[in-house]
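A quick write-up on the structure given underneath.
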Amino acid sequence: MAIILFLVCVQSDEMVSWRPSLELEWKDFKAESKPGSDVVAVTASGLSFGFSVQKSDHRLIDYDYEVKAHFYPNKSWYLKQRVTEVVLDHERLHFDITELFARKFRQRIANTKFTLNIDKEMEVIHRTILQELTAFQNEYDAETRHSQNIKTQKEWQTLVTLEIEKLAYYK
């Protein structure tokens, strides 16, 4: 079994940014495990988001933004005696899903025609993406039964990989 914890905002804690070549290993999960739990592992991942704006009284001049998917080693843990490679693949995909939604977030920003109300408009996009990310992660856990349904786990891995590839422009 696995569960995901979403952390949003900039953290002072150790974090690892998502990259295609990164494959999490159990040694990356550094938090103290929770013995006696039904949960076998926890992947703490989330999005960091920030933006800057230049505007006059009458128009939006320019803006810049940054969206990143992160893994938080000191908030991620596992029960050594109960995990398998299948569980590790499940946890890795949680992090990949976070990257998928970072790309969706970037795509939405790129495709939005902002107004002088850019602060509120960005916050709406941010809040919506976080809700969608949470729902997607929960659906993933439910359908795979936290990695126990191996056939469905493989289907999800294929789906997420393809979706990430479709959004390569927004990496």
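Partners of K55 within straight-line reach, counting lysines whose Cα lies under 29 Å from its Cα and excluding those fewer than 8 residues away in the same chain: K68, K104, K113, K120, K171. If both residues of a DSSP beta bridge must be in the chain, then about 75% of such bridges are antiparallel.
Between P20, Y72, T128, the Cα set farthest toward the positive side of the dipole of the chain (charges on each charged residue's Cβ, about the Cα centre) is that of T128.
For the pair segment 63-99 / segment 103-162, the C-alpha centres are spaced 15 Å from each other. Each residue of segment 17-23 was assigned a 3J(HN,Hα) from its phi angle through the Karplus curve 6.51 cos²θ - 1.76 cosθ + 1.60 (θ = phi - 60°); the sequence is 7, 5, 8, x, 7, 7, 10 Hz, with glycine and proline shown as x. Mean separation of Cα pairs under 8 Å and 6 or more residues apart, divided by the residue count, gives segment 2-170 a relative contact order of 25 percent. The translational diffusion coefficient of the chain, from Stokes-Einstein at 20 °C and 1.002 mPa s with a Kirkwood hydrodynamic radius over alpha carbon pairs, comes to 126 µm²/s. Between the listed residues A142, Q54, L88, the Cα displaced farthest toward the positive end of the dipole of the chain, a dipole computed from Cβ unit charges relative to the Cα centre, is found at Q54.
In plain terms, the residue of V39, V87, V124 with the fewest other Cβ atoms within 10 Å comes first and the most crowded comes last, giving V124, V39, V87.
Using alpha carbons only, the radius of gyration of segment 112-168 set against its Kirkwood radius gives Rg/Rh = 1.17. Remark: segment 84-98, residue by residue, has Karplus-estimated 3J(HN,Hα) of 9, 5, 5, 5, 4, 4, 4, 5, 4, 5, 4, 5, 4, 4, 4 Hz, where x stands for each Gly or Pro and the curve is 6.51 cos²θ - 1.76 cosθ + 1.60 at θ = phi - 60°.
Note on segment 62-112: percent of Cα-Cα distances in each 5 Å bin, starting at 0 and stopping at the bin with the largest distance, equals 5, 16, 21, 18, 13, 9, 8, 5, 3, 1, 0.
Any read-out appearing in this document is the output of simple, stated calculations on the displayed coordinates, not a laboratory observation. Computed from a prediction, not measured in an experiment: that's the story for all the values here. Every residue, glycine among them, receives a Cβ derived from its backbone with ideal geometry; neighbour counts consider all protein chains shown.
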